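Asks: I have a structure I would like to understand better, so I am pasting it below and will then ask my questions one at a time.
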There are 2 protein chains.
Amino acid sequence: MGGGGHPPLRLRLTIAYKGTGYSGFAAQSDGVATVAGALSGAMEKVLKHPVRFVVAGRTDAGVHAWGNVVHFDSPRRPDEVDLPALQRAVNKMLRPDVVVREAQVAPPGFDARHSATARLYRYTILNSDVPDPFVVDTAWQVEPPLDLRAMRAACDPLLGEHDFSSFCRKPAAPSGSNVRRLIDARWVDLGDQMLRFDVEASSFCQQMVRSLVGTLIDVGMGRKRAGEMSWIVRSRDRAAAGQPAPPQGLCLWKVVYPPELQGRGSTLNPAS
Amino acid sequence: MGGGGHPPLRLRLTIAYKGTGYSGFAAQSDGVATVAGALSGAMEKVLKHPVRFVVAGRTDAGVHAWGNVVHFDSPRRPDEVDLPALQRAVNKMLRPDVVVREAQVAPPGFDARHSATARLYRYTILNSDVPDPFVVDTAWQVEPPLDLRAMRAACDPLLGEHDFSSFCRKPAAPSGSNVRRLIDARWVDLGDQMLRFDVEASSFCQQMVRSLVGTLIDVGMGRKRAGEMSWIVRSRDRAAAGQPAPPQGLCLWKVVYPPELQGRGSTLNPAS
């Protein structure tokens, strides 16, 4: 195992999780439940070797994912790993709030974090003065009225490449930058008093989506004007933006990779 | 209080709840968490008098409701009860898995149980070989394939008035009957591997919807033929039908009343 001279086997997993009971994808401190801990624990039991993940989206405590992507390297030979069987075994072992949606062999050069060209997040709002027991863990309840037109107008100045320091939890590290390219940002009216903010960017700094949503909801409530958004971005001042929206409304929906780095090998059908 | 000679005040509540943590709407034994217990506890704290509910749908353990209806009588005078304030106070007090969606003064003669002319239930299926962490508590995962066409054909013999003893948990009481009128029964393909069984009847006997779904899924999996459904109904034999589907997929969607017995007085807006 590991000494056979075969090329390293890199596996790529697409994972969904309800983040409610977890302190985030990865540990911020010891002794807390993390998605990575639950998933690697199950993987290690099946594969019988240590598993260390590289992840596309390091989601915070209470944040969900439908299509987060991780990779890890295995010392096993490709013909030793039955991917559908691995996926089934791990999904049976995991609590139902973490699921491996796809398990594939990664193409050469694939890196779950660095190969990603874009991330799509969705943030869900219950715009009602009555709670809904079925979306308590997956939406932020904001009482009406909300000026959706103003919230939409306030999205325009966000598009394109900007220094998003106003919406980032921490200043950029000396070697880093809070410059990001926002590819899309839009409000979708789902009906039944549900609204969803869909946002796509090259990448996001910490709490960026939640800070964008908090600020846009301020606009919807009339606490800020849509016309201020341009200035809020340019100020690069955390205090200029609104408070971050709570984590339960946020979901990492999808990670985008270049076509040549899509995974190979199917998910469940072969062995089912 | 109660001795003023005013006509009794009957209040009507439309309630939603996620039944996951409850042993049903009403207690089947002492010392267990029930929806009625949670709701009456909160109501009594606000109104400061005992509250006894009459309910349209006595849902079982783990079954959800979006539009269950209850009534109770209050010794208070109508002008003593601020309905929007009552609704807000109770919703704040309750855990988020039980919610009062509407609080109204019931029209004369209204009885939540006996005035109801029909109940609509929905049963949700996740037809996938991969679990979905977001619907674990609200859908039954059934692995594909399912023959939806056969499941639809099997609905036809159910429509109309029949003795549904084959689908009832207990034989009818000596004074009772398991004859029910099925008004509608259909499968809706929601996309994303989700299916929903929508069924409407004058009323349902215990576990009837879950037994219907269990039998229809047997048809979808090829364990039973659609053509057998007519015989299963006529046999009045519990053993002829399939096992009840699990409770988490079931939701009491709506209770129907005659137009003249709709509630008066609005819900939240006046006091918000």
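Asks: Placing +1 on the Cβ of each Lys and Arg and -1 on the Cβ of each Asp and Glu in segment A:118-253, which of A:LEU216, A:ALA239, A:TRP253 has its Cα farthest towards the positive end of the resulting dipole?
Replies: Sorting the options by dipole projection puts first A:ALA239.
Asks: Cut-off under 17 Å on the C-alpha distance; same-chain residues fewer than 8 positions from B:LYS45 excluded. Which lysines are left, in chain and number order?
Replies: List returned: B:LYS92.
Asks: Using the number of other C-beta atoms within 10 angstrom as an exposure proxy, rank A:SER128, B:SER74, B:SER235 with the fewest first.
Replies: Fewest-to-most Cβ neighbours within 10 Å comes out as B:SER235, A:SER128, B:SER74.
Asks: If you plug each phi of segment A:219-232 into the Karplus form 6.51 cos²θ - 1.76 cosθ + 1.60 with θ = phi - 60°, what whole-Hz ³J(HN,Hα) values come out, in order, with x for Gly and Pro?
Replies: Going residue by residue, I get 5, x, 8, x, 6, 10, 9, 4, x, 7, 4, 4, 5, 4 Hz, with x marking Gly and Pro.
Asks: Restrict the search to segment B:95-147; then list the trypsin sites (Lys or Arg not before Pro) that DSSP places in a loop and that have at most 16 other Cβ atoms within 10 Å of their Cβ.
Replies: Filter output for segment B:95-147: B:ARG113.
Asks: Read phi for every residue in segment B:203-210 and hand back ³J(HN,Hα) as whole Hz from Karplus 6.51 cos²θ - 1.76 cosθ + 1.60, θ = phi - 60°, with x for Gly and Pro.
Replies: These are the phi-based 3J(HN,Hα) values: 7, 10, 7, 5, 6, 5, 5, 5 Hz.
Asks: Ok, one more. Cross-link candidates for B:LYS224: which lysines have Cα within less than 24 Å, leaving aside residues fewer than 8 places away along the same chain?
Replies: Straight-distance partners of B:LYS224: B:LYS170.
Asks: Grab the beta carbon distance between A:ASP163 and B:GLU260, set R0 = 60 Å, and tell me the FRET efficiency rounded to 0.05.
Replies: 0.40
Asks: In whole percent, what relative contact order does chain A give with Cα contacts below 8 Å and a gap of six or more residues?
Replies: Once divided by the residue count of chain A, the mean separation gives 25 percent.
Asks: Sort B:152-164, A:182-194 by the packing proxy (mean of other Cβ within 10 Å over each peptide's residues), most packed first.
Replies: Details: B:152-164: 17.2, A:182-194: 14.6.
My ranking of the peptides, most packed first, is B:152-164, A:182-194.
Asks: Something else now. If contacts are Cα pairs under 8 angstrom and at least 6 residues apart, what is the relative contact order of segment B:142-249 in percent? It would help to have the intermediate numbers written out before the result.
Replies: Working: 181 pairs, mean separation 37.3, N = 108.
The normalised contact order for segment B:142-249 reaches 35 percent.
Asks: Can you give the direction-averaged projected area of the convex hull of the alpha-carbon atoms in the protein assembly as shown, in nm²?
Replies: Quarter of the Cα hull surface area: 30.6 nm².
Asks: Angle between the Cα long axis of helix B:83-93 and the longest principal axis of chain B, 0 to 90 degrees, nearest 10?
Replies: For B:83-93 against chain B, the angle is about 70 degrees.
Asks: Isolated Cys in chain B by the 4.7 Å beta carbon test?
Replies: Those would be B:CYS155, B:CYS251, since no other cysteine Cβ in chain B comes under 4.7 Å of theirs.
Asks: Classify segment B:125-272 as rounded, prolate or oblate from the Cα gyration tensor: take a ≥ b ≥ c as the square roots of its eigenvalues, call it rounded if a/c is under 1.5, otherwise prolate when a/b beats b/c and oblate if not.
Replies: Judged from the Cα gyration tensor, segment B:125-272 comes out oblate (a/c at least 1.5, b/c at or above a/b).
Asks: To continue, here is another question. Please give the Cα centre distance for segment A:6-29 versus segment B:28-67, rounded to the nearest Å.
Replies: Between the Cα centre of segment A:6-29 and that of segment B:28-67, the gap is 40 Å.
Asks: Another question, if that's okay. Mind checking which lysines have their Cα closer than 21 Å to the Cα of A:LYS254? Skip sequence neighbours fewer than 8 apart in that chain.
Replies: Partners within reach: A:LYS18.
Asks: Mind ranking B:212-225, B:77-90, A:208-221, B:168-181 by how tightly packed they are, going by the mean number of other C-beta atoms within 10 angstrom, highest first?
Replies: Details: B:212-225: 21.1, B:77-90: 16.9, A:208-221: 24.2, B:168-181: 12.6.
Packing order, densest peptide first, comes out as A:208-221, B:212-225, B:77-90, B:168-181.
Asks: So, in nm, how far is label A:ARG234 from label A:LYS92 when the simple model puts each one 7 Å beyond its Cα toward the Cβ?
Replies: With each label point 7 Å from Cα toward Cβ, the separation is 6.1 nm.
Asks: On a 0 to 90 degree scale, rounded to 10, what angle separates helix A:35-47 from the longest Cα axis of chain A?
Replies: Compared with the principal axis, the helix lies near 10 degrees.
Asks: Restrict the search to segment B:39-83; then list the trypsin sites (Lys or Arg not before Pro) that DSSP places in a loop and that have at most 12 other Cβ atoms within 10 Å of their Cβ.
Replies: Details: sites: B:LYS45, B:LYS48, B:ARG52, B:ARG58, B:ARG76; in loops: B:LYS48, B:ARG52, B:ARG58, B:ARG76.
Qualifying residues, ordered by number: B:LYS48, B:ARG52.
Asks: Using a label point 7 Å beyond Cα on the Cα-Cβ vector, give me the inter-copy distances for B:PRO50 in nanometres, one decimal, shortest first.
Replies: The projected label point of B:PRO50 is separated from its counterparts by 6.5 nm.
Asks: Given a cut-off of under 8 Å on Cα pairs at least six residues apart, what relative contact order in percent is computed for segment A:9-114?
Replies: 43
Asks: If each of B:ASP192 and B:SER177 carries a label point 7 Å out from its Cα toward its Cβ, how far apart are those two points in nm?
Replies: My value for the distance between the label points is 4.3 nm.
Asks: Placing a label point 7 Å from Cα toward Cβ, how far apart in nm is B:PRO78 from its equivalents in the other copies, listed shortest first to one decimal?
Replies: B:PRO78 label point versus its equivalents elsewhere: 7.8 nm.
Asks: How far is B:PRO107 from the same spot in each other copy, in nm, shortest first, if each label point sits 7 Å from Cα toward Cβ?
Replies: Ordered by increasing distance: 6.5 nm.
Asks: Can you give the helix-only mean residue ellipticity at 222 nm for chain B, where every DSSP H stretch with n ≥ 4 adds -39500 (n - 2.57) and the sum goes over all residues, rounded to the nearest 500 deg cm²/dmol?
Replies: Calculated at 222 nm, the ellipticity per residue is -5500 deg cm²/dmol.
Laboratory data are not the source of any read-out in this text; all were calculated from the coordinates shown. It should be emphasised that the depicted structure is a prediction, and the values quoted were computed from it without experimental measurement. No Cβ is skipped: glycine too gets one built from the backbone with ideal geometry, and neighbour counts run over all protein chains shown.
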